[in-house]
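Reading through the structure tokens given below for one structure.
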Amino acid sequence: MSKEALPGECALSRARGEATAPKDFDWVQKNIPCQAACPAGTDIPGYLDAIAHGEYAQAYRINLQDNVFPGVLGRVCTRPCEPPCRHGWEGLGEPVAICFSKRSAADQRARAEPVLLDPVFPSTGKSVGVIGAGAAGLAAARELRLWGHDVTVYERYRIPGGLMVQGIPAFRLPRDVVSLEIEQIQALGVTLRCGVEIGKTITVDQLLAEHDAVVLATGTHVPFIPDTPGRTRPGVRHGLDFLKDFNTLGTVPVGSRVVVIGGGFTAVDCARVARRAGAESVSVYYRRSEAEMYIGGHEVVEMKQEGIAFHPLTAPLAYCGPDEDGAVDRIQLAPTRLCEPGADGRRVPEIQADAAFEVEADTVLLATGQVRDLEHLGPTIQQACAAAPRDGSTANPQLFMAGDVALGALSLIDAIGHAKACARRVDRHLMERDRWRDIVWIEDAQGTGRTREMDEIPRHPMPVRPPEERGVIDEVETGFDEDHAQAEAQRCYLCHYKYEIDNDCCIYCDRCLKVKPVENCIVKVSALQFDEAGRIIGYDRTTSAENYNLLYIDQNECIRCGACAEVCPVECIPLQKVQTRTVPVKE
């Protein structure tokens with residue numbers, strides 16, 4: 001494919017360079033499903049390829065560019081990228097351990113010192129105030145600083161990091177990992193002011209007067225407590241407040257019998273913390289099934305290893321005590337039955353009250369979610385934010401919202417992805433134009449290094465510390481060594497590479513068909529199917545020699561081994577590397 005512009009039967013609009021046709025973006029969206037599923041748009045096959053070749057510093061830098069907190073997310077990401085991974089498709093095994101590999105990039109760097117990205121634009125003279133030093137606030141601050149703006153982050157607590165340090169226990173996320181990656185942001189010139197409480201130390205109106213734009217990134221810290229009888233009894237408390245106390249004080253009284261209500265990260269963290277705080281009996285009750293939990297299965301395994309009981313399909317009916325106002329001493333629960341999906345797509349649990357039962361408890365921890373708090377911002381700001389869309393804008397053109405405060409309580413990677421998009425919106429407001437544009441970048445490649453044998457490598461489990469050696473701050477997951485890190489990364493199909501047959505040059509010798517490792521990776525077709533935008537949406541198989549018109553490589557079946565290209569006598573199966581990029585607009 002020597003020509004720059006390509007004919008319509010090709011998957012992309014160009015052979016190399018910058019491409020912006022709908023079919024180019026569509027190819028990336030469909031053929032790199034892990035990256036498409038990542039809220040931060042992380043170049044996942046790019047960093048897995050680097051790890052497979054032992055280039056950990058490069059892999060870390062790719063992550064740092066895209067998701068801001070590689071070491072953090074390598075430990076606590078919710079992994080939206082893994083379910084779509086092609087290696088997990090039916091008959092292909094388990095998804096690549098993308099999250100664990102991200103951690104490998106951080107752990108295996110030869111020099112564990114701050115990595116600073118290069119500024120993109122010179123100083124603009126514009127000033128931005130960011131309220132909240134959690135994942136969203138710091139991600140937005142870093143982007144805006146790289147783009148030439150002066151940025152000050154205001155944080156109410158004395159230590160930055162938000163829920164990364166307040167809500168997640170140190171045995172899951174070591175504090176030195178968080179500190180290093182915050183230091184990398186500060187070293188770019190971001191000013192961090194801790195101990196500043198909005199509404200008391202300073203108001204949002206004052207910040208709006210002081211800065212050209214203000215980003216509200218205060219998260220969701222108000223506990224959501226369902227209206228269950230007995231919820232105000234002493235001993236019943238919200239799980240997030242419990243975790244904040246533990247992470248701040250190092251311990252917290254829990255009694256001997258602890259019950260946790262919920263099925264997310266907060267629930268599991270509460271249970272594991274309660275065990276470390278001295279509880280003799282810890283049980284988790286969740287109204288849905290284990291398969292519908294928002295956490296990875298390994299989290300439940302580690303929890304059970306620590307002697308914590310897990311009871312799915314069970315919901316609380318009441319928190320009971322010895323008298324009307326006394327402390328909780330037992331819970332009334334009932335089994336649930338999952339019905340048809342509700343508005344959010346999840347099956348609705350129906351309580352079977354006639355089968356109710358009771359369990360004893362000294363402490364009940366409610367991991368039932370949290371909502372945003374706008375009360376301390378003042379009526380004008382509340383009004384501007386109240387009906388704001390989820391895109392980060394508000395009714396005040398100078399005020400923006402990033403992360404959970406705009407989206408509701410989700411995950412770190414969701415908050416970071418939203419904060420990056422919000423930062424671009426802020427930059428557009430400050431500069432009165434969009435200084436960025438999205439493209440697909442295509443370049444020639446020589447080979448992937450993949451072999452058919454790499455498909456048979458099983459997913460590597462995360463090594464963990466034995467249960468008897470797990471203390472309050474000892475990290476439970478110990479990470480891959482170099483051999484396992486590289487072996488796991490080699491499982492990646494490297495979906496950002498594209499082999500495609502140039503049918504104008506093909507002599508139809510069928511040698512590629514004889515060496516193909518997968519039955520349908522190369523197929524004889526009579527015609528390709530296109531939509532109205534010229535995107536390939538399927539193909540019609542050849543039924544006879546008379547309608548054998550093309551050879552087509554099905555990207556869903558291709559394992560990027562290059563066997564076809566190696567045997568082609570006329571070299572009509574080139575290899576391209578295809579990536580999405582957001583690049584500065586040239587003035």
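The values are calculated or read from the model by the stated rules, or taken from the named source; none is laboratory data. Because the structure is predicted, anything quoted here is derived from the model rather than measured. With ideal geometry, Cβ positions are generated from the backbone for all residues, glycine too; neighbour counts draw on all protein chains shown.
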key: Given (1) within 20 Å of the chain's Cα centre (by Cα); (2) assigned by TED's automatic domain parsing to the domain that holds Gly54; (3) of a type outside the set (A, V, I, L, M), index of the condition Glu456 fails   = (1)
query = When segment 496-531 is examined, which residues are found to be over 16 Å from Asn547 (Cα atoms) and charged (D, E, K, R)?
reply = Lys498, Glu500, Asp502, Asp504, Arg511, Lys514, Lys516, Glu519, Asp531
key: Flag if Lys524 is over 28 Å from the mean Cα position of the chain (by Cα), closer than 19 Å to Leu575 by Cβ, without any contact (Cβ under 8 Å) to a residue 60 or more places away in the chain and outside the structural domain of Val72 (by TED's automatic domain parsing)   = no
key: Among the residues listed as Arg459, Arg428, the single one being under 27 Å from Arg86 (Cβ atoms), at pLDDT 95 or above and either in a loop (DSSP other than H, G, I, E, B) or out of contact with any strand residue (DSSP E or B) (no Cβ under 6 Å at 6 or more places or on another chain) (or both)   = Arg459
Gly297 being under 22 Å from Leu173 (Cβ atoms), surrounded by fewer than 15 Cβ atoms within 10 Å (Cβ to Cβ) and at pLDDT below 95 = yes
request  = Give the residue that is nearest to the chain's Cα centre (by Cα), with candidates limited to residues of segment 80-106 that are within 19 Å of Pro174 (Cβ to Cβ) and not hydroxyl-bearing (Ser, Thr, Tyr).
outcome  = Cys99
message = Just checking, does segment 120-141 include any residue being out of contact with any Asp or Glu (no Cβ under 6 Å at 6 or more places or on another chain), crowded, with 24+ Cβ neighbours inside 10 Å, of a type outside the set (Phe, Trp, Tyr) and on the phi > 0 side of the Ramachandran plot?
response = yes
message = Given (1) at pLDDT 95 or above; (2) surrounded by fewer than 24 Cβ atoms within 10 Å (Cβ to Cβ); (3) over 13 Å from Thr42 (Cβ atoms); (4) among the charged types (D, E, K, R), identify the lone condition not met by Glu113.
response = (1)
note = The number of residues in segment 286-311 that are assigned to a strand (DSSP E or B) and under 26 Å from the mean Cα position of the chain (by Cα) is 1
query = Applying the selection to segment 45-102, what residues are among the acidic types (Asp, Glu) and crowded, with 24+ Cβ neighbours inside 10 Å?
reply = Asp49
task = Working carefully through the options Gln108, Gln65, Gln58, Gln35, find the one that is modelled with pLDDT under 95 and assigned by TED's automatic domain parsing to the domain that holds Ala445.
result = Gln108
message = I need the full set of residues from segment 140-179 which are closer than 15 Å to Asp427 by Cα, in contact with a helix residue (DSSP H, G or I) (Cβ under 6 Å, 6 or more places away or on another chain) and without any contact (Cβ under 8 Å) to a residue 60 or more places away in the chain, in order please.
response = Val151
inquiry  = Among the listed residues Glu468, Glu500, Glu488, identify the single one that is under 24 Å from Gln108 (Cα atoms) and either charged (D, E, K, R) or touching a strand residue (DSSP E or B) at 6+ places or on another chain (Cβ under 6 Å) (or both).
reply    = Glu488
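Residue by residue, here is whether (1) of a type in the set (A, V, I, L, M, F, W, C); (2) under 24 Å from Ala209 (Cβ atoms) holds:
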| position | (1), (2) |
| --- | --- |
| Leu138 | yes, yes |
| Glu143 | no, yes |
| Trp147 | yes, yes |
| Asp150 | no, yes |
| Arg158 | no, no |
| Gly167 | no, no |
| Ala170 | yes, no |
| Arg175 | no, no |
query = Out of segment 176-225, which residues are within 27 Å of the chain's Cα centre (by Cα), buried (at least 21 other Cβ atoms within 10 Å of the Cβ), closer than 15 Å to His376 by Cβ and among the hydrophobic types (A, V, I, L, M, F, W, C)?
reply = Val214, Leu216, Ala217
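So that you can scan it fast, the table gives a plain yes or no per residue for (1) under 25 Å from Phe242 (Cα atoms); (2) in contact with a Pro (Cβ under 7 Å, 6 or more places away or on another chain); (3) among the aromatic types (Phe, Trp, Tyr):
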site	(1), (2), (3)
Thr336	no, yes, no
Ala356	no, no, no
Glu360	yes, no, no
Gln370	yes, yes, no
Leu374	yes, no, no
Gln383	no, no, no
Thr394	no, no, no
Leu412	yes, no, no
Arg425	no, no, no
Any hit, segment 494-508, residues being more than 30 Å from Thr20 (Cβ to Cβ) and either without any contact (Cβ under 8 Å) to a residue 24 or more places away in the chain or assigned by TED's automatic domain parsing to the domain that holds Gln108 (or both) = no
task = Quick one: which strands (runs of 3 or more DSSP E) lie wholly within segment 337-389 and hold at least 3 residues that are surrounded by 14 or more Cβ atoms within 10 Å (Cβ to Cβ) and assigned by TED's automatic domain parsing to the domain that holds Tyr286?
result = 347-351, 363-366
message = Quick check on segment 265-281. Is at least one of its residues part of a helix (DSSP H, G or I), at pLDDT below 95 and surrounded by fewer than 18 Cβ atoms within 10 Å (Cβ to Cβ)?
response = no
